[in-house]
Structures are given as structure tokens and as C-alpha cells.
Amino acid sequence: MKPIISVEGLGKSYTIRHEGQTRYKSLREEIFKLPKRLLCRGAQSQEEFWALKDVNFDIMPGDRVGIIGRNGAGKSTLLKLLSRITEPTKGRITMRGRVASLLEVGTGFHAELTGRENIYLNGAILGMTRAEVRRKFDEIVDFAGVEKFLDTPVKRYSSGMYVRLAFAVAANLEPEILIVDEVLAVGDAEFQKKCLGKMEEVSKGQGRTVLFVSHNMAAVQQLCGRALLMKEGTVVADGAVPSLLQMYLQKEDGVRKELSFGFIIIERMFIDSKKLSVDEDFEVVLEYRRKSGKEFGFCLEFSDMFGNSCFITISPFYDKNSGVIKCKIKSGMLNNGVFWLGLSSYGRDFSDTMTHKNIMRIEIADGVRCREQYWGTYAGLSRPAIEWT
Amino acid sequence: MAHELVIEAGRAERQYWKDLWRYRELFLILTWRDVAVQYKQTVVGILWAVLRPLLTMAAFTFVFAKVAKLPSEGVAPYPLMVFVAMLPWQMFATAISAIANSLVANSNLVSKVYFPRIIVPAATVGVAVVDFVISFVLLALMMVFYQYMPPIQVLAVLPLTLLAALVALGPGLILCALNVTYRDFRIIVPFITQFGLYLSPVGFSSGIVPEKWRLLYECNPMVGVIDGFRWAVLGSMDCPVRALSISVGCAIALLFCGIRTFRKTERTFADVI
């Protein structure tokens, strides 16, 4: 059997401009820069950035493939190329079947139009013919559960109804290949279960090929038989889901060296743990050296990407000239996401306080445990295991 | 397997026209959407399509006929002469500004789904055509009011309308493609339509342009279209053969350039929009 999708040597580069940091080019800017550009051609501060480099894989009909990787690994770019939104810079993709891609729920929905009108509009945008939509209409309405509001403009819908209707249209497409990007992060738990169920039905039941990008490991585990692990624009591993999840959860090497806190020098600071996920404990290790002989302590702060503090933890006092301190953070103290570590040190009498903010970035992966039947995101900065009786 | 599709750098060309045919329903639905949405949540709704040319006509009749005392064409009443010219001009102006903004206004579609991008600007012409048809009904009523009998060549209105749409589509596509990268064009387009209104014989008869400047004047492709309309609907002048051939030539050349520019830049739309 021929693969339904084969990707050979695929690459996509973007040009990053370093001067004139505006997102939109303006004509005036271009005209003023023209003489400069003509005079010093080589000196232009443009940089090529390869969002994808040399990606190769084959997908057989009926495969359900999860694409996993951290933020910026190139997952979305790959999906954009596969769904023909943008053109590759290098390489080729061969597809043998009709593709429907769902990169966003409700693309092209128009707020002023009614639910009924939007079903036809969205269907056409996703590549369905009017006859097809008409045939599927009842099924779509049924799946979304919006019968009563069919003739209400969607701007009056609740966000849940909106998402349900949008997914319902997409779910009733009949493509040979379905490409889905992180759409399960919306809607309530019940609906997410329904979506996942529908995707399972589409793939397992009807033998369609599904490509699924998600940060939600539990959903990937449930839905996919195979996964591609991406990192920095390339596919670093391709295989069965469980082993790839292990690899994905493994932390990256991040070691801070030589941080000065006045009379204390941190020689090395790193995270000691194989994996960083909501399910695992991890240790922050500090190797220090002291310059003057007074007692001292540390304060470790975790904050989110926006600088909001999640929690701090204060050490006991130490009185050695050098040594290794370990701070064990229990699983669930931090929710999945990106966090920054800050460190302060001070003397016994809280004198000579010195703080370094944002000295280490960690990314906590989503866990599989404590999910049960919930596929959505967990709100909050922490996800502690709470006992319920 | 249904069909094999190969995606490679610079290869999109081959499937393009086939895809365009496959997505013809999207074209219809987008046109319908733009028409349906145009006058939602307005009090007088579709009446705006009537009011706009009517008010402009009143102003022009006042300024050009009463204040400047310009002559009308033959026996045609001045308001009627202005209104007949207003129709193709309004269509051209609405179409070109809608086309120029179309991709940016639909950027969510462009960056999230694939379809031949040319469908978006082409579909926006629909709104202008619908407005045109409504105004045309008003024109008929006005002609009844003035008891003005249209000549036999009134049927030429159909190809003339098509010509006006094509004159808008060609430059519109160029502006549309440029607008994706350079948002300056969003600001430039209103100027084009504003100046164009005075450069074209909308408020006055092209008969007042001196003979020696005539050829230069006719290089504006809308001159042929507007004079054509006056010839067809009012019969107040001879068929402007030279001006019309210039218009047709311009329309074809501009359309060709427009499609080429659009196709050339199309593949980067999703990256820069």
C-alpha cells in the first residue's frame, strides 16, 4: 500500500528583519531604505530562520498520528504546509486523498449571520459542497445541540455553543485525511469528550487518517497509535506513543553557572530530574561557595510567564563555605506551562539581600494522572493532588 | 485513491485553475455572505444602496447645473444625466475599495484555510453588483417620472456593467495584493475613488471637455464606461467608440496585470498578512 501522505526533505524558512521592528512593512519605510539597500547589499541585517528543516515521514492510510513537541518546535508550521496555507521553501509533500484541516475552530464564522447560515458558510470554507452540507445538516445540528438557536445570529451565542457548532461542522466533513490542531483546548469537559469520541469514530471506525497536534498528552495517548516528536523544526523521533511521551517529558538541559549574590556565589544551578511534568517531583540543585563567614539562607521563587508569583519557598540557614543544597518541589505544585525561577540570598539577619529574577526557565509538561475523563486544560498556576472523600 | 497532490515550492501553479473550479461554491457563498452582511443591523438596510447615489446626484446637480451652470446633454434632464453616470461610477468605486480591502478583512481565512485566494477579492464584487441592480431600479423609476423613453440600445447596459466590473477588478487585484504587505494602500484607495469622481464625467457631460484634450481624457477607462452608459440609457450622445475601445483595452491589460501580480504574491500572503 502506498502512504497517504509522504513528506520528503521538507523545509520552511522565514526572513526575520532586525531593523525597523514593525510588523507591517510600510511603503515609506521601504522607499527610505531603498538607497541604503542598494548601496550596501551585504550589510542588510536580515536573518533566515528555518521553522522547519529537513522533515521526512510517511503516513499510511488509517494511521492516527499525534504530533508532539514544545512551543516553537514547528508543529503548527508543519500543519500549515500540509494544509497548503503556505508554501514550503524546500522539499515536497505528496498527498493521496482529500484533506480537511481544522487549525482553528470556527474559521470564517461570521458573527452577524445565523447558525444555519454559518453552517453553510463554514462548510464551504472547509471544502464541502452545498449538497453535502444539506445532507449532513441534521447531524451537524444534532451534534452541536443548537436546534433552538438555528436562526439566531451567532454573535448572540454563548462561547460554548459557538465552539460546539463550529466543531460539529468540521467533524462532519468526510475527508480522507483530517488535520487537527489543538482544538480540544476549548469547550467544556463533556463536549471535549464528545469531540474526542467523534475523532475516534472517524479514525478507528471509518479508517480515516488523522493528524493531531496537542499539548494534551492524555488526549494523544487516547487517540493516537503513533506519534512524531518535533524539536527545533525537525522530527526527532517517530514511533509508538508511550515511548515518545517518555522522551517528550524528559527535561532539557538547563544549567546556570556563576551567579553572584554578593558574598555567596552560585557555581551551578540546575534541575535534577529526568522529566518535568505535573506528575513528577523535581529538585532544584544549588552548588554554592561562600566568600565571607556569616550564616545565610536562600529564597526560591516561581513565577509564571507574566511575572506573577506562584509561590516562594524559604530555606533554612546554612553555615558552610561550600556545598550542595537541594530543594524538592512536590508534583502538582506547578501546573503545566512555562515558569521562571528567581533566587534570592540573604544573611542571618536578613541583611545583604540580593535577588536575581528570571534566572531559569522551566517548562512543566502536562501529566496523564488525575485526569480521569477530563480532557480539557486545568486552570490555575498549580495542580496539587487534592484528596476527596 | 481519489487524486494525488504534490506540494512543492513553486508548484502550486498547476492545480490552481482546477482548484478554482472546485471552489466555485465558496465563491458563491462568500458573495452571498458579503451581500447578506452588508446592511445587517442598519435601520434603513438595503435602502442605503438607493440613498447614496441619490444624495450624490442631488449635490452634483446643484453644484454643476445650478451653480456652475454647465449644459446638459441634448434633451436629457440634468439629474437624469448625472444619475446614469452615477451608477457605473458607484459600482466601480465600491468594488475597487472592497476588493482592495478584501484580503486584509478576511485575514482569518487566509491564515487558517486553503483555497485559491483570488476567490476573496472576486467575491466582493458581488456586493457592488447588487447595489448597482438596486440603483438601476431607481433609475427606471426616475425615467418614468421624467417621462423619458430609453432608446433601443439600452440592452448594451449588460456588457457595459461587466466592463465596469472588470475595470475595477484589474487594479483592485493589484491594490489588494499590495495591501497585504503595505497597509498604506488602505489609505490610498479612498483618494483614488475621490479624485476619480471628479476626473470622470460623472457630474458633467464629457462634451464640455475641449476636443484637443479629448484623447488624453479618454485614457481614463471610466470615461468610456460612463459615456457608454449615457449613450445606452439616454441616447443623448453618439456611441463613444474610441473611448469604449480604450476602456476595453485598459480593462483587459489591467486584468492581466492584476491576475499576474496577485498570483505572484499569493503564496506569501499567509506569511505576511
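Quick note: the coordinates plus some simple rules give every number you see, no bench work behind them. Worth saying up front: this structure is predicted, and the values here are computed from it rather than measured. Heads up, the Cβs are rebuilt from the backbone with ideal geometry, glycines too, and the neighbour counts pull from every protein chain shown.
Points to keep in mind about this one:
- The stretch A:347-364 residues near the modelled A:F263 label - backbone nitrogen below 19 Å, point 7 Å along Cα→Cβ: A:347-356
- Shielding of peptide B:112-124 by partners, expressed as the average count of other chain Cβ atoms within 10 Å per residue Cβ, is 3.
- For A:F261, the amide hydrogen comes within under 5 Å of the amide hydrogens of A:I266, counting only partners 5 or more places away or on other chains and with H modelled in the peptide plane.
- Among A:V220, B:V37, a tally of other beta-carbon atoms within 10 Å of each Cβ gives an order, fewest to most, of B:V37, A:V220.
- Against the compact-protein benchmark of 2.2 N^0.38 Å, the Cα-based radius of gyration of the stretch A:240-360 scales to 1.14.
- By the count of neighbouring beta-carbon atoms within 10 Å, fewest first, A:K12, B:K112 end up ordered B:K112, A:K12.
- The stretch A:286-344: GluC sites (Glu not before Pro) in DSSP loop, at most 14 other beta carbons within 10 Å: A:E295
- In order through the stretch B:210-220: 3J(HN,Hα) via Karplus (6.51 cos²θ - 1.76 cosθ + 1.60), integer Hz, x for Gly, Pro: x, 4, 6, 9, 4, 4, 4, 4, 6, 5, 6
- Label zone of B:Y16 (point 7 Å out along Cα→Cβ, amide N under 13 Å): in the stretch B:108-146 this covers B:116-119.
- Neighbour net charge for A:N321 - beta-carbon separation under 13 angstrom, K R +1, D E -1: +1
- A:R361/A:I386 FRET efficiency (R0 35 Å; Cβ-Cβ; nearest 0.05): 0.80
- Size of electric dipole in the protein assembly as shown: Cβ of Lys, Arg +1 and of Asp, Glu -1, about Cα centre, debye, nearest 20: 980 debye
- GNM flexibility winner over chain A from A:E29, A:E363, A:E258 (Cα, springs under 10 Å): A:E29
- Helix axis angle, A:130-144 relative to chain A longest principal axis, alpha carbon, degrees: 50 degrees
- The stretch B:198-213 and the stretch A:130-150 have Cα centres spaced 56 Å apart.
- The Cα atoms of chain B cover 67, 46, 36 Å along the three principal axes, with the biggest extent listed first.
- Per the Kirkwood formula applied to alpha carbons, the protein assembly as shown shows a radius of gyration over Rh ratio, Rg over Rh, of 1.09.
- What separates the Cα centres of the stretch A:73-105 and the stretch A:258-297 is a distance of 44 Å.
- Rounded to the nearest 10 degrees, the angle from helix B:48-60 to the longest Cα principal axis of chain B is 40 degrees.
- Label point of B:E4 set 7 angstrom out along Cα-Cβ; within the stretch A:207-245, no amide nitrogen lies under 11 Å from it.
- Taking a sphere under 14 Å around the Cβ of A:R156 and counting the other residues whose Cβ falls inside, with K and R at +1 and D and E at -1, yields a net charge of +1.
- Every Cα-Cα pair in the stretch A:5-249 was counted, and those over 33 Å apart are 30% of them.
- FRET efficiency estimate (nearest 0.05) - Cβ-Cβ, A:S309 to A:D58, R0 41 angstrom: 0.30
- Count Lys and Arg as plus one, Asp and Glu as minus one, and take only other residues whose Cβ is under 11 Å from that of A:E8; the net charge is then -1.
- If R0 is 45 Å, the Cβ-Cβ spacing of B:W213 and B:K264 corresponds to a FRET efficiency of close to 0.80.
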